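Written below as structure tokens is the structure these notes are about.
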Amino acid sequence: MFVIPTHATEVHISAQALERTLQTQLFNGPDGRYYLRGDAKSACYVYAEKPRITFNQDRVVVHVHTRAKLGTGVYGNCVGVSLTRDVDVSVLPDAQSETIGFRDARIDRLSNSRELNFLLEPFLEHQLPQQLKVNAATLMRQLLTKSAETTGYAITLDNLKIHSMIVQNNLLVLDVDTILSVR
């Protein structure tokens, strides 16, 4: 068995990888939607869909499309107003031990409807950034589970420590120390 401690390894994460994480952890309802109010069978509802992630300077920007039927349900129909808006929230990357997380959520673009914003603001400022958290060590261990089949060597991650995480050229760049075992 070899134990390989590595220091100052860079891990690059694309916007598309973060999008897949968000879709798996939050936008996993019917048709890839996240319902803030109601559900797919409700007459009146509010949902977000189609998350898209980009990078802007030092921030990660999450763009979502929202649809709402706000009003009162009457005989299976929503009597009220229908709204469709694109909204953006940006967050700063925040590394803690093995976890990729985000902080300082800032709503960059919101709707012009007070009623819709009342529902969107807690979602954009709290729920969305919390759901983007990923334990990087767990994810890397999952990736390494098939190493024996593909390389002939069983490679395991014994330890991972994230030192920093920054947005750099359309990538989220992590500076990590790892300890790998090869059997």
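Only the coordinates and a few stated rules stand behind these numbers; no lab work does. The structure displayed is predicted, hence computed values, not measured ones. Don't worry about glycine lacking a Cβ; one is built from the backbone with ideal geometry, like all the others, and counts go over all protein chains shown.
Couple of notes before you dig in:
- Computed about its Cα centre, the charge dipole of region 1-111 is approximately 540 debye, with only Lys, Arg, Asp and Glu carrying charge at their Cβ.
- By the helix-only formula, in which each DSSP H run with n ≥ 4 contributes -39500 (n - 2.57) and the sum is divided by residues, the chain has a 222 nm mean residue ellipticity of -5500 deg cm²/dmol.
- Spin-label pair S42-Q142: with each label point 7 Å from Cα along the Cα-Cβ axis, the two points sit 2.9 nm from one another.
- Toward the positive end of the charge dipole of the chain, with +1 on the Cβ of Lys and Arg and -1 on the Cβ of Asp and Glu, the farthest Cα among N56, A105, V81 is that of V81.
- Reported label for calculated Cα extents along the principal axes in Å given (i) 68, 34, 22; (ii) 55, 36, 30; (iii) 77, 36, 35: (i)
- Lys pairs under 24 Å by Cα in the chain, provided they are eight or more residues apart or on distinct chains: 6
- At an R0 of 22 angstrom, the distance between the Cβ atoms of K50 and L83 translates into a FRET efficiency of 0.90.
- The calculated FRET efficiency for V173 paired with D31, based on their beta-carbon distance and R0 = 25 Å, is about 0.15.
- Annotation: for a label point projected 7 angstrom from Cα along Cα→Cβ of T24, residues of region 91-113 with backbone N closer than 16 Å are 99-101.
- For the pair R114 and A17, a Förster radius of 30 Å applied to the C-beta separation gives a FRET efficiency near 0.25, rounded to the nearest 0.05.
- Karplus-derived HN-Hα couplings along region 146-163 (A = 6.51, B = -1.76, C = 1.60, θ = phi - 60°), whole Hz, x at Gly and Pro: 9, 4, 5, 5, 8, 10, x, 10, 8, 9, 10, 8, 8, 7, 9, 10, 8, 8
- Whole-Hz ³J(HN,Hα) from phi, Karplus 6.51 cos²θ - 1.76 cosθ + 1.60, for region 58-74, glycine and proline x: 9, 10, 9, 9, 10, 9, 10, 9, 10, 10, 9, 10, 9, x, 10, x, 10
- In Hz, Karplus ³J(HN,Hα) per residue of region 80-89 (6.51, -1.76, 1.60; θ = phi - 60°; x = Gly, Pro): x, 10, 9, 10, 9, 9, 9, 10, 10, 10
- Cα point-scatterer Debye curve for region 1-88, base-10 log of I(q)/I(0) at q = 0.23 Å⁻¹: -1.09
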